[in-house]
1. Output the number of residues of the range 70-96 satisfying the condition of being touching a residue at least 24 places away in the same chain (Cβ under 8 Å), outside any strand (DSSP E or B) and touching a strand residue (DSSP E or B) at 6+ places or on another chain (Cβ under 7 Å).
2. Report yes if ILE73 is in contact with an Asp or Glu (Cβ under 8 Å, 6 or more places away or on another chain) and surrounded by 13 or more Cβ atoms within 10 Å (Cβ to Cβ), otherwise no.
3. Hey, THR99 hits all of (1) part of a loop (DSSP other than H, G, I, E, B); (2) of a type in the set (S, T, N, Q); (3) surrounded by 13 or more Cβ atoms within 10 Å (Cβ to Cβ) but one; which does it fall short on?
4. For the range 39-55, name all the residues that are of a type in the set (Val, Ile, Thr) and surrounded by fewer than 11 Cβ atoms within 10 Å (Cβ to Cβ).
5. Does GLY67 count as in contact with a helix residue (DSSP H, G or I) (Cβ under 9 Å, 6 or more places away or on another chain), exposed (fewer than 14 other Cβ atoms within 10 Å of the Cβ) and either part of a helix (DSSP H, G or I) or not aliphatic (A, V, I, L, M) (or both)?
6. One residue is enough: does the range 41-63 have a residue meeting the conditions modelled with pLDDT of 95 or more and in a strand (DSSP E or B)?
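The values are calculated or read from the model by the stated rules, or taken from the named source; none is laboratory data. All of these numbers come straight from a predicted model, not from anything done at the bench. Here the Cβ positions follow ideal geometry from the backbone for every residue, glycine too, while neighbour counts run over all protein chains shown.
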Amino acid sequence: MSFFISQAFADSGAATTPQMGWFNMLLPVGFIAIMYFMLIRPQQKRTRETQDLISALQKGDEVVFSGGLLGRITRLDEDYVVVEIKDGLEIKIQRSAVTATLPKGTLKNI
């Protein structure tokens, strides 16, 4: 077993120095902080923006859905939105499928 661990280190039996203890504790805390600011916080921000967008939908808004569909909202339910795609053609889609709202008059220009 002595060829895996140096004999001098194995015989010393001394505890780690306080500086090494702080470093060992600082490394996981730093890793957690980096993960929070690079992954968790931006995802929470995106989720909040999406929820605000969905809750602010109104009749007459021009919207884009996750499938790339464009239309104007004609009716709103609690979970669904009725969208007019073309004159006289309406479909019902879940609110969560809305990805963006468009400025007024965008559908006329397309």
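1. Taking the range 70-96 as the starting set, the residues that turn out to be touching a residue at least 24 places away in the same chain (Cβ under 8 Å) are 70-72, 81, 93, 95-96.
Remaining after also requiring outside any strand (DSSP E or B): 95-96.
If we keep only those that are touching a strand residue (DSSP E or B) at 6+ places or on another chain (Cβ under 7 Å) as well, we get 95.
The qualifying residues number 1.
2. Values: in contact with an Asp or Glu (Cβ under 8 Å, 6 or more places away or on another chain): yes; surrounded by 13 or more Cβ atoms within 10 Å (Cβ to Cβ): yes.
Considered against the rule, which asks whether it is in contact with an Asp or Glu (Cβ under 8 Å, 6 or more places away or on another chain) and surrounded by 13 or more Cβ atoms within 10 Å (Cβ to Cβ), ILE73 comes out as yes.
3. (1)
4. First, pick out the residues of the range 39-55 that are of a type in the set (Val, Ile, Thr): 40, 47, 50, 54.
Of everything in the range 39-55, just one residue is of a type in the set (Val, Ile, Thr) and surrounded by fewer than 11 Cβ atoms within 10 Å (Cβ to Cβ), namely THR47.
5. Details: in contact with a helix residue (DSSP H, G or I) (Cβ under 9 Å, 6 or more places away or on another chain): yes; exposed (fewer than 14 other Cβ atoms within 10 Å of the Cβ): yes; either part of a helix (DSSP H, G or I) or not aliphatic (A, V, I, L, M) (or both): yes.
Against the criterion (in contact with a helix residue (DSSP H, G or I) (Cβ under 9 Å, 6 or more places away or on another chain), exposed (fewer than 14 other Cβ atoms within 10 Å of the Cβ) and either part of a helix (DSSP H, G or I) or not aliphatic (A, V, I, L, M) (or both)), GLY67 qualifies.
6. Yes, that holds for at least one residue.
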